[in-house]
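**Q** Have a look at the structure that comes next, please.
Readers should treat all values here as calculations from the given coordinates under stated rules, not as data from a laboratory. The model shown is predicted, which means the values in this text are computed figures rather than measured ones. Counting neighbours? That spans all protein chains shown, and the Cβs are built from the backbone with ideal geometry, glycine included.
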Amino acid sequence: MSGIFKFLSGRIRGGGYALKGAFLLLKTEASIQVQVSIALIVTFMGFYLEISKIDWMLQIFAIGLVLSIEAINTAIEAIADFIHPDFHNKIGFIKDIAAGAVFFAAIAAFIIGLMIYIPYFN
Ligand SMILES: Nc1ncnc2c1ncn2[C@@H]1O[C@H](COP(=O)(O)OP(=O)(O)OP(=O)(O)O)[C@@H](O)[C@H]1O
């Protein structure tokens, strides 16, 4: 019984740290703030234009994908700055490829957005 209690309290504590991380990202990261603003705009558009269930699923997935990868990119940048605060080509390379991951997710989300909303404006 105490094993289950320990397991559950550990998971709840882990969830608390994750929530704290999400708030920290929102409070400190300009790129996350911009992406959340875009997410709110498309969510409003989704309700206004009454998009289908499949479109909602794709839109929510795209939003989650971009925010998650941006968060991981932010963590990679923070680790890079922590382990090597000075200029170094390898740090530049690491940051560039982490930013490249955000680019792939953002392009995919943009295309999903076009495919959902272009039909409503034709
Ligand atoms: N220490 C460094 N050594 C070499 N190049 C770096 C270094 N720091 C940053 N760069 C270069 O500058 C780019 C931007 O880095 P930076 O850490 O400012 O990220 P950013 O995209 O501006 O992120 P954010 O706006 O979220 O802080 C990197 O992709 C990299 O090319």
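**Q** Those residues that are of a type in the set (S, T, N, Q) and either within 7 Å of the ligand (Cβ to nearest atom) or closer than 23 Å to K20 by Cα (or both), I need them from segment 59-112; list them, please.
**A** S68, N73, T74, N89
**Q** If you check A109 against the conditions, is it surrounded by 17 or more Cβ atoms within 10 Å (Cβ to Cβ) and assigned to a helix (DSSP H, G or I)? Spell out the reasoning first.
**A** Numbers: surrounded by 17 or more Cβ atoms within 10 Å (Cβ to Cβ): yes; assigned to a helix (DSSP H, G or I): yes.
In short, yes.
**Q** State whether one or more residues within segment 84-95 are of a type in the set (A, V, I, L, M) and exposed (fewer than 12 other Cβ atoms within 10 Å of the Cβ).
**A** No, because not a single residue in segment 84-95 is of a type in the set (A, V, I, L, M) and exposed (fewer than 12 other Cβ atoms within 10 Å of the Cβ).
**Q** Could you please find all residues in segment 42-55 being part of a helix (DSSP H, G or I) and either touching a strand residue (DSSP E or B) at 6+ places or on another chain (Cβ under 7 Å) or within 17 Å of I111 (Cβ to Cβ) (or both)?
**A** Selection gives V42, M45, G46, I54, D55.
**Q** Something else: Which of the residues that make up segment 4-32 are within 16 Å of the ligand (Cβ to nearest atom) and surrounded by fewer than 10 Cβ atoms within 10 Å (Cβ to Cβ)?
**A** Answer for segment 4-32, where residues must be within 16 Å of the ligand (Cβ to nearest atom) and surrounded by fewer than 10 Cβ atoms within 10 Å (Cβ to Cβ): K27, A30.
**Q** How many residues does segment 24-67 contain that are of a type in the set (S, T, Y) and in contact (Cβ under 8 Å) with a residue 24 or more places away in the chain?
**A** 1
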